[in-house]
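Data block below; observations after.
Rule-based calculations on the coordinates, nothing more; no lab input. If you're wondering where the values come from, they're calculated on a predicted model, not measured in any experiment. Every residue, glycine as well, gets a Cβ built from its backbone with ideal geometry; the counts of neighbours run over all protein chains shown.
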Amino acid sequence: MKILIGADLVATKSNYALFERGDILNLCGEDLIKLMQQADYRIFNLEVPLTDVTAPIPKCGPNLIAPISTINGMSSMKVDFLTLANNHILDQGEQGLQSTIFELEKNGIAYAGVGDDLNQAAKPHIETVGNKKIGIYCCAEHEFSIATQKSCGANPFDPLVSLDHISSLKSQTDYVIVLFHAGKEHYRYPTPNLQKTCRKIAEKGADLVICQHSHCIGCEEKYQSSTIVYGQGNFLFDLSSNEFWNTSLLILLEDNNQISYIPIIKNGNAVRLAKGVQATEILEAFKNRSTEILQPEIIEQKYKQFASEFLADYLLNLRGTKMGLFFRVINKLSRQKYKNIYIDRKYNKKAKLAIENIIGCEAHRELLLHALRSKNN
């Protein structure tokens, strides 16, 4: 049994033509194609709706779209399964999701993590690979793509129900993979809450938990009898020149639950198998971070430092104002102390405490979210 798991698979304008022609030689290169062909089952995250109709929903961040014809590239890669539980699958509304589902079914590509409502979106996929029955559960953090009781979208992670879903799936299968679209972009470590959540997912029956939202390689944790991967990086997603997007890992699951990691690198608008020194450096950095998080308090310390860099940005957004010229200049200079001086002039201690209470208290946060969603809808 060989199951190959990659992360974000997204056709973008720079390589639409390659996808449309099914030109995987230029998209992936000979060595990577050979590796994928040797696998018995290939899993990826499709983080873009496949549609020829542009109908962007209101949201924060970009509304992704790829032509229906780009499915040819995925078929040529012999993709077997796609998770659709992510923050972009509803970018072009219900029609974009339905178009995507239609094309996947027409091309014989299995999927999970979406549906016409919450109940359908939560359904897992079960596949027999070799002599093992594999259960795949797909879920995402709450952003703009989430399904509701009355509307289509992605399956949200909800500890009050998702953990029961995972436990039930474990009772039906030999091995459970949870693909969790979660974590902070461009952060290579688990947040304290993400670690607690993934550990609980493992306790409920997941043998392998993979977080795929960060667009960068993170680290691995062995927890009880399970493996948790906090950040896999992209597979093929040519949207950013950010250094975090240049490397990624493929995860290979083999007999006896053996897990290994295969480094890949961005190559212009394509991807290639990493080799030599480059491959060694990627794996060593991954291993070092995985060792690092074993130290007591390291996750709290890392996250505290990371969070402090975003306070000014979040406070400005909560204030309802766009970033002014002065703040953009300060932001470009990357001098945190100047950012803090600017923010301290805008917010006194009492104002910051009020914001902390609204966001930190479950009752206040729930009320705020419902009020905002009601207003926006």
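Numbers for the structure displayed
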{"read-out": "Segment 6-42 residues near the modelled residue 255 label - backbone nitrogen below 17 Å, point 7 Å along Cα→Cβ", "value": "38-41"}
{"read-out": "Acute angle (nearest 10 degrees) that the helix 162-172 long axis makes with the longest principal axis of the chain, alpha-carbon atoms", "value": "20"}
{"read-out": "Using a Förster distance of 51 Å, the FRET efficiency for residue 102-residue 301 (Cβ separation, nearest 0.05)", "value": "0.60"}
{"read-out": "Helix axis angle, 362-376 relative to the chain longest principal axis, alpha carbon, degrees", "value": "80"}
{"read-out": "Estimated inter-spin distance, residue 362 and residue 284, nm [label 7 Å along Cα→Cβ]", "value": "4.6"}
{"read-out": "Rounded to 5, percent antiparallel among DSSP beta bridges of the chain", "value": "50"}
{"read-out": "Taking the convex hull of Cα positions in segment 2-295, its mean projected area over all directions (nm²)", "value": "14.0"}
{"read-out": "GNM flexibility winner over the chain from 318, 160, 84 (Cα, springs under 10 Å)", "value": "318"}
{"read-out": "On Cα atoms only, tilt of 336-346 relative to the major axis of the chain in degrees", "value": "50"}
{"read-out": "DSSP-assigned coil residues among GluC sites (Glu not before Pro) in segment 134-192, each with at most 14 further Cβ atoms within 10 Å", "value": "185"}
{"read-out": "Kirkwood Rh in Å, taken over segment 117-212 so that all alpha-carbon pairs contribute", "value": "13.8"}
{"read-out": "Candidates 123, 350, 59, ranked by Gaussian network fluctuation over the chain, Cα under 10 Å, top entry", "value": "350"}
{"read-out": "Ranked list, fewest to most other Cβ atoms within 10 Å of each Cβ, for 196, 204", "value": "196, 204"}
{"read-out": "Among the listed pairs 59/302; 304/346; 266/352; 123/184; 196/275, those beyond 31 Å (Cα-Cα)", "value": "266/352; 196/275"}
{"read-out": "Shape category assigned to segment 197-333 from the gyration tensor of Cα positions, a/c cut at 1.5", "value": "oblate"}
{"read-out": "Burial ordering of 213, 142, 181, fewest other beta-carbon atoms within 10 Å first", "value": "142, 213, 181"}
{"read-out": "Least to most buried among 229, 114 (fewest other Cβ within 10 Å first)", "value": "229, 114"}
